[in-house]
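Chemist: Handing you a structure now.
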Amino acid sequence: KNEVEQSPQNLTAQEGEFITINCSYSVGISALHWLQQHPGGGIVSLFMLSSGKKKHGRLIATINIQEKHSSLHITASHPRDSAVYICAVPGPYSGGSNYKLTFGKGTLLTVNP
Amino acid sequence: NAGVTQTPKFQVLKTGQSMTLQCAQDMNHEYMSWYRQDPGMGLRLIHYSVGAGITDQGEVPNGYNVSRSTTEDFPLRLLSAAPSQTSVYFCASTWGGTQYFGPGTRLLVL
C-alpha cells in the first residue's frame with residue numbers, strides 16, 4: 001500500500017508569510033495530486049504533477065520523484081488561503097492510474113490577518 | 001455546467017434503514033467515484049466506475065452498493081445503515097487526471 005504522510009498536520013501563519021506543506025509517499029508513482037478543502041467542505045483540485053514544478057498564481061507545487069517527496073508552497077499568504085491542503089497519489093492496484101487515489105490526512109492551514 | 005451535484009446535503013438515518021445518495025455530473029466524464037471522509041483520516045475510496053455499466057470496489061466497499069446505468073448518474077446505496085457509516089460522502093468525476101468533487105453529503109446514522 002502506498003502510504004502518504006503530510007507534514008505539518010496543523011500550520012498557523014501570519015498574513016504575508018511564505019508557507020510550505022510537505023508530502024511524502026512510500027511507493028514510486030506516476031503523478032501526485034494536491035487538493036484544497038475549503039472550510040465549508042468543498043474540495044478543489046489544485047495540481048497534478050509528475051516532475052519538476054508547477055505554478056498557479058501564488059501557489060507552487062514541486063516534486064522530487066527520486067526522494068518520493070512533494071511540497072506545496074504559498075507565497076504572500078492571505079487569510080483566504082485558510083483551508084485543508086491534501087496530497088494524493090495513485091493507490092494500490094491502480095496500475096499507476098490517476099483515477100484510484102490514496103489520500104493523505106491533510107494539513108490544516110490557518111492564516112491570520 | 002452544474003459540475004458534480006449531490007443530494008441530499010444532510011441526512012439522518014436510524015440503524016438498519018436503507019437509503020440512496022445521489023450523484024450526477026454534466027461534464028460527460030467516464031470515470032466517477034465515491035469517497036467517504038472521516039475525522040483524522042484521509043478520503044477513502046468506496047466504489048468507482050470507469051463508464052456506464054462498469055463498476056468496481058475501492059478500499060472500503062462493505063455495506064455499499066453502486067450502479068452506473070448512464071454516464072451522468074452514479075448513485076450510492078446504503079443497504080442497512082450502521083453507525084460506522086456516519087461520515088461525509090463525496091462523489092467525484094475525473095477527466096485528464098483532474099478530480100471534480102461534489103459538495104458532499106453529511107450522513108448521521110443513529
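The values are calculated or read from the model by the stated rules, or taken from the named source; none is laboratory data. All figures in this text were calculated on a predicted structure; none of them were measured in a lab. Every residue, glycine among them, receives a Cβ derived from its backbone with ideal geometry; neighbour counts consider all protein chains shown. Calculation scope for accessible area: heavy atoms of the full protein, side chains included, ligands and nucleic acids excluded. Shrake-Rupley method; radii C 1.70, N 1.55, O 1.52, S 1.80 Å.
Chemist: What is the residue count in region B:85-109 for residues that are touching a residue at least 24 places away in the same chain (Cβ under 8 Å) and more than 14 Å from chain A (Cβ to nearest Cβ)?
Modeler: Adding up the residues that qualify gives 3.
Chemist: On to the next question. From A:LYS100, A:LYS53, A:LYS68, A:LYS105, which residue is basic (Lys, Arg), on the phi < 0 side of the Ramachandran plot, more than 14 Å from every other protein chain (Cβ to nearest Cβ) and open to solvent by 10 Å² or more (accessible area, probe 1.4 Å)?
Modeler: After ruling out the rest, the residue left standing is A:LYS53.
Chemist: Could you please find all residues in region B:1-42 being at positive phi and either aromatic (Phe, Trp, Tyr) or open to solvent by less than 20 Å² (accessible area, probe 1.4 Å) (or both)?
Modeler: Hit for region B:1-42 is B:GLY3, nothing else.
Chemist: Take residues that are over 16 Å from the mean Cα position of the chain (by Cα), aliphatic (A, V, I, L, M) and under 16 Å from B:TYR35 (Cβ atoms) and tell me which of the strands (runs of 3 or more DSSP E) falling wholly in region A:32-113 contain 2 or more.
Modeler: Strands (runs of 3 or more DSSP E) meeting the threshold: none at all.
Chemist: Go through (1) loosely packed, with under 12 Cβ neighbours inside 10 Å; (2) touching a strand residue (DSSP E or B) at 6+ places or on another chain (Cβ under 8 Å) for A:GLY16 and report which single condition fails.
Modeler: Status for A:GLY16: all satisfied but (2).
Chemist: Can you list residue pairs whose Cβ atoms sit under 8 Å apart, with the first residue in region A:74-93 being of a type in the set (Asp, Glu) and the second being open to solvent by less than 10 Å² (accessible area, probe 1.4 Å)? Count only pairs 6 or more apart in sequence or on different chains.
Modeler: That search, which allows pairs on different chains as well, returns A:ASP81/A:ILE19; A:ASP81/A:ILE74; A:ASP81/A:LEU109; A:ASP81/A:VAL111.
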